[in-house]
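Heads up, the thing below is written out as structure tokens.
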Amino acid sequence: MPTSNASTTDAAKPAASGGVQSLERAFDLLERMADAGGEVGLSELSASSGLPLPTIHRLMRTLVACGYVRQQPNRRYALGPRLIRLGESASRLLGTWARPYLARLVEETGETANMALLDGDEIVYVAQVPSKHSMRMFTEVGRRVLPHSTGVGKALLAHAPADEVRALLARTGMPAATEKTITTPDGFLDALVAVRETGYAVDDNEQEIGVRCLAVPVPDSPTAAAISISGPAGRVTEAATEKIVPILQQVARELSAALANTAGNGNGHG
């Protein structure tokens, strides 16, 4: 039984971080599968990770047995359905961690603050703190929208390769929510250039007439995330934008640091 003994030794081997090496490797493989679009062959995983095929095969067999990976009829491996539950719980937690930062945004800007993620081809709102104004914007948590008509969509896609953005837009289509909505891929890519140059995204009456939204990405977030404020166009003016954007960017940096700290400590504080 030499294989069994080698497996036991590998599983118990300490990692450089002081953790368990096989666990680190298993999570690394899951992330590589996600980066590859969710389905890969063992040889691709071996090439990208540098791990020998027998090690990868053993790890994948364990992940399949647990339901986190499944083997397709074509013998390739795909991310499994059990990850969905983990992902949904993590999205909710991300929203919970973000709420104090969104509350500060509301306090400092007076407008409704949101947090959104890119889930597949759609934007999903995972947290919101409403403005205290009687006239305010409201987007229910869990709501899904298409990226091309939102500030958070532009912020989330600003650094994605142009061909990937075009492919996404081709899949979703670019329906006009208002007469101000960008409805051509070239127009949207131009808007993304502006986001990269200025460091923030604007939805100027593009999702709803009379509403302006300012958004920034959360840097180095474990999953692509953006925060935004939205309010009536009469309040979120050009002059207000100059004051609000630095606050948005500062809060995004602080939220990023808190999320990194949470990941590093393995606890839910911050």
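The values are calculated or read from the model by the stated rules, or taken from the named source; none is laboratory data. Quantities reported herein were computed from a predicted structural model and do not represent experimental measurements. Quick reminder, even Gly has a Cβ in these numbers, built from the backbone with ideal geometry, and neighbours come from all protein chains shown.
On the basis of being free of Cβ contacts under 8 Å to residues at least 60 places away in the same chain, under 14 Å from VAL152 (Cβ atoms) and among the acidic types (Asp, Glu), does GLU242 make the cut?
It is false that GLU242 is free of Cβ contacts under 8 Å to residues at least 60 places away in the same chain, under 14 Å from VAL152 (Cβ atoms) and among the acidic types (Asp, Glu).
Consider GLU108 carefully, then state whether it is within 29 Å of GLY67 (Cβ to Cβ) and not hydrophobic (A, V, I, L, M, F, W, C).
So GLU108 fails the test.
Let me spell it out: the conditions are (1) surrounded by 14 or more Cβ atoms within 10 Å (Cβ to Cβ); (2) hydroxyl-bearing (Ser, Thr, Tyr); (3) over 26 Å from the mean Cα position of the chain (by Cα), and SER48 meets all of them except one. Which number is the exception?
Just one mismatch for SER48, condition (3).
Check VAL64, VAL124 and return the single one that is under 30 Å from LYS243 (Cβ atoms) and β-branched (Val, Ile, Thr).
VAL124
Identify, please: which residue in segment 112-130 is in a strand (DSSP E or B) and either among the small types (Gly, Ala, Ser) or not assigned by TED's automatic domain parsing to the domain that holds ALA201 (or both) and is, among those, farthest from ARG212 (Cα to Cα)?
So the residue we want is ALA127.
Does GLY95 satisfy the condition of being over 12 Å from SER228 (Cβ atoms) and not in a helix (DSSP H, G or I)?
So GLY95 fails the test.
Cβ-Cβ distance below 8 Å, separation of 6 or more or different chains: which pairs start in segment 48-62 with a residue that is among the small types (Gly, Ala, Ser) and end on one that is exposed (fewer than 14 other Cβ atoms within 10 Å of the Cβ) and in a helix (DSSP H, G or I)?
If the second residue must be exposed (fewer than 14 other Cβ atoms within 10 Å of the Cβ) and in a helix (DSSP H, G or I), no pairs are left.
Could you identify the single residue in GLU39, GLU108, GLU44 that is out of contact with any Gly (no Cβ under 8 Å at 6 or more places or on another chain) and in the same structural domain as VAL216 (by TED's automatic domain parsing)?
GLU108
Since VAL126 meets every condition but one in (1) farther than 24 Å from ILE229 by Cβ; (2) buried (at least 19 other Cβ atoms within 10 Å of the Cβ); (3) of a type in the set (A, V, I, L, M), which condition does it not meet?
Of (1) farther than 24 Å from ILE229 by Cβ; (2) buried (at least 19 other Cβ atoms within 10 Å of the Cβ); (3) of a type in the set (A, V, I, L, M), only one is false for VAL126: (1).
Is it the case that segment 150-158 has a residue that's touching a residue at least 12 places away in the same chain (Cβ under 8 Å), not β-branched (Val, Ile, Thr) and not in a helix (DSSP H, G or I)?
yes
Determine, yes or no, whether GLU31 is surrounded by 13 or more Cβ atoms within 10 Å (Cβ to Cβ), in a helix (DSSP H, G or I) and at pLDDT 55 or above.
Answer is no for this residue.
Starting from residues that are hydrophobic (A, V, I, L, M, F, W, C) and touching a helix residue (DSSP H, G or I) at 6+ places or on another chain (Cβ under 8 Å), keep the ones in segment 88-101 and report whichever is surrounded by the fewest Cβ atoms within 10 Å (Cβ to Cβ).
The qualifying residue surrounded by the fewest Cβ atoms within 10 Å (Cβ to Cβ) is TRP97.
Filter segment 59-74 for residues that are assigned to a loop (DSSP other than H, G, I, E, B) and surrounded by 12 or more Cβ atoms within 10 Å (Cβ to Cβ) and give the result.
GLY67, TYR68
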